[in-house]
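Reading through the C-alpha cells given below for one structure.
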Amino acid sequence: VELGPRSYEVHVEAGCLPRLGEAAKRAVRAHKIAIITDDVVGPLYAAAVECALREAAFETAVLSFPAGEAFKNIATVNTLWEGCLQFGMDRSSAVAALGGGVVGDVAGFVAATLLRGVDLVQVPTTLLADVDSSVGGKTGIDHPLGKNLIGAFHQPRLVWIDPQALRTLDPRDVRSGIAEVIKYAIIRDPYLFEYLAVNRDAVVALDADAMEQIIGTSCQIKAEIVAADETEAGQRRILNYGHTIGHAIEALDYGRLRHGEAVSMGMVAAAQIACNMGLCDAELPRRQAELLAAYGLPVSLPGIDADAVIARMAHDKKAHGGKPRFVLPVAIGQVAVVEVVDEALVREAIKALM
Ligand SMILES: NC(=O)c1ccc[n+]([C@@H]2O[C@H](COP(=O)([O-])OP(=O)(O)OC[C@H]3O[C@@H](n4cnc5c(N)ncnc54)[C@H](O)[C@@H]3O)[C@@H](O)[C@H]2O)c1
Ligand SMILES: [Zn+2]
C-alpha cells in the first residue's frame with residue numbers, strides 16, 4: 001500500500017505464519033508486542049504467533065476477548081488498554097491483531113489510541129479480514145446507536161496473511177468472504193471474475209495457489225484504491241458496491257445473515273438497477289448471479305420487505321450524512337458512482353429479490 005512514509009507491505013503466502021517474526025522485525029521498531037485476539041482464534045493460532053515473534057527476540061503478551069460482534073465495544077477496548085499498560089507498553093511498543101474483522105477493528109482502535117498511537121501489525125484469519133478489513137487502516141468499535149460509529153484511521157505497518165488459517169474457519173464464513181472477492185472482480189478486474197468462475201472447485205477446497213491468487217489480487221485492488229483515496233473522499237467509495245442495499249438487508253436481520261450474504265443480495269439488486277437504467281446489458285446481472293450462486297451465496301430473499309429496506313437505507317444515509325449514492329456496474333470490472341437513482345427503480349430491484 002503506497003502511502004509515502006506510511007507505506008506498508010501486504011504479504012500473502014500459504015504457510016507464512018511461522019515466519020512473521022523476521023517480517024515484523026523489519027516493519028516495526030518495537031521490543032514489546034501485545035498480541036490481541038479472541039477466544040476462538042487464540043487457542044488455534046496464538047501460540048504459533050507468539051513463538052514466531054519470540055524467535056525474532058520480541059517480548060510478547062497475549063490479550064484475548066470473547067469472540068463476536070457483540071464484544072466490539074468500548075468495554076472490551078478498556079480492558080485491552082489496561083492489559084497493554086500492565087504489560088508495560090510504551091510509545092515504541094506494538095500491537096498485533098490476530099483474528100477476523102472484529103479483532104482487527106478492535107485491536108486497530110486500541111493501537112490507534114494507546115499512548116496516542118502505537119505500531120500495528122495485522123494478522124487476519126478470516127477471508128473477510130484477509131481481503132478487506134486488514135488493509136486500509138479503518139479501525140473502530142460499535143456504539144449502542146449504531147455499528148462502526150466510533151473509530152480512527154490507523155494504517156498498519158505490516159499485513160501478514162496466511163491463507164492456511166482459513167482451514168479451521170466455518171465454511172459459511174469462507175463463502176461470506178468470497179462475496180467481497182466477487183465485489184473486487186466486478187468493480188475492477190474481469191480476469192479475477194474469470195478466475196473465480198474457472199477455478200471454483202480449487203477455491204472452495206481452499207487450495208493454496210488458488211487462495212494466494214484471489215486474496216493477493218483482492219488486496220492489490222484494495223491497496224490501489226486506498227493509496228489513491230485514503231480517507232474515502234472519492235474513489236474509495238466504489239468499495240461500497242453492493243453495500244448500500246446490502247447493509248440495509250443486514251441491519252434488518254433476515255434470519256441472521258452473514259455480512260457477505262447480505263452484500264451478495266445487495267450486488268444482485270445493484271446490477272438489476274444498473275440494467276434497468278440502461279447502464280449495462282442483461283448479461284451482467286445474469287453472469288454475476290451465476291457466479292454468486294456457484295459459491296453458495298444467496299441471490300434471492302423470499303419474504304423481503306422492499307419498503308423496510310428503503311426506509312433502512314434512508315436511515316443509514318442520515319446517520320452517515322451523505323447524499324443518496326449508488327455504485328452501479330457498467331461492465332464486469334467497471335463501476336460508476338451515481339448520485340441520484342429513481343426510488344421506483346430501487347424498489348423494483350429489491351422486489352426482484354423475492
Ligand atoms: N475495517 C474495515 O475496513 C472493515 C471492513 C469490513 C468489515 N469490517 C468489520 O469486520 C467485522 C466482521 O469480520 P469477520 O467476518 O472476520 O468476523 P469475526 O471477526 O467475528 O470472525 C467470525 C468468527 O470466526 C472466528 N474465527 C476467525 N478466524 C478463524 C479461524 N481461522 N478459524 C476458526 N475460527 C475463526 C472468530 O472467532 C469469530 O467467531 C465486522 O465487525 C465489520 O464491521 C471492517
Ligand atoms: Zn463488506
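Assorted remarks:
- Filtering the range 123-133 to residues that are in contact (Cβ under 8 Å) with a residue 60 or more places away in the chain and within 13 Å of ligand 2 (Cβ to nearest atom) leaves Leu127, Leu128, Asp130, Val131, Asp132.
- Residues that are within 21 Å of Ser133 (Cβ to Cβ) and more than 16 Å from ligand 2 (Cβ to nearest atom), drawn from the range 235-252: Gln235
- For the range 154-179, a residue qualifies if it is among the hydrophobic types (A, V, I, L, M, F, W, C) and part of a helix (DSSP H, G or I), and the qualifying residues are Ala165, Leu166, Val174, Ile178, Ala179.
- Restricting attention to the range 26-59, the residues that are within 19 Å of Gly108 (Cα to Cα), at pLDDT 95 or above and surrounded by 15 or more Cβ atoms within 10 Å (Cβ to Cβ) add up to 17.
- Filter result for Val95 (more than 12 Å from ligand 1 (Cβ to nearest atom), closer than 17 Å to Val49 by Cα, modelled with pLDDT of 95 or more and not in a loop (DSSP other than H, G, I, E, B)): yes
- Checklist (1) in contact with a helix residue (DSSP H, G or I) (Cβ under 8 Å, 6 or more places away or on another chain); (2) modelled with pLDDT under 95; (3) not in a helix (DSSP H, G or I) applied to Arg312, failing item: (3)
- Across the range 255-279, the number of residues qualifying as surrounded by fewer than 22 Cβ atoms within 10 Å (Cβ to Cβ) and closer than 24 Å to Val131 by Cβ comes to 4.
- Taking every residue in the range 215-238 that is basic (Lys, Arg) and pairing it with any residue that is buried (at least 21 other Cβ atoms within 10 Å of the Cβ) and in a helix (DSSP H, G or I), at least 6 positions away or on another chain, the pairs with Cβ-Cβ distances below 8 Å are Lys222/Val131; Lys222/Asp132; Lys222/Tyr184; Lys222/Leu239; Arg236/Ile225; Arg236/Val226.
- Restricting attention to the range 37-64, the residues that are outside any helix (DSSP H, G or I), within 14 Å of ligand 1 (Cβ to nearest atom) and not charged (D, E, K, R) total 3.
The values are calculated or read from the model by the stated rules, or taken from the named source; none is laboratory data. No experiment lies behind these values; they were computed from the predicted model shown. Neighbour counts run over all protein chains shown; Cβ positions are idealised from the backbone, glycine included.
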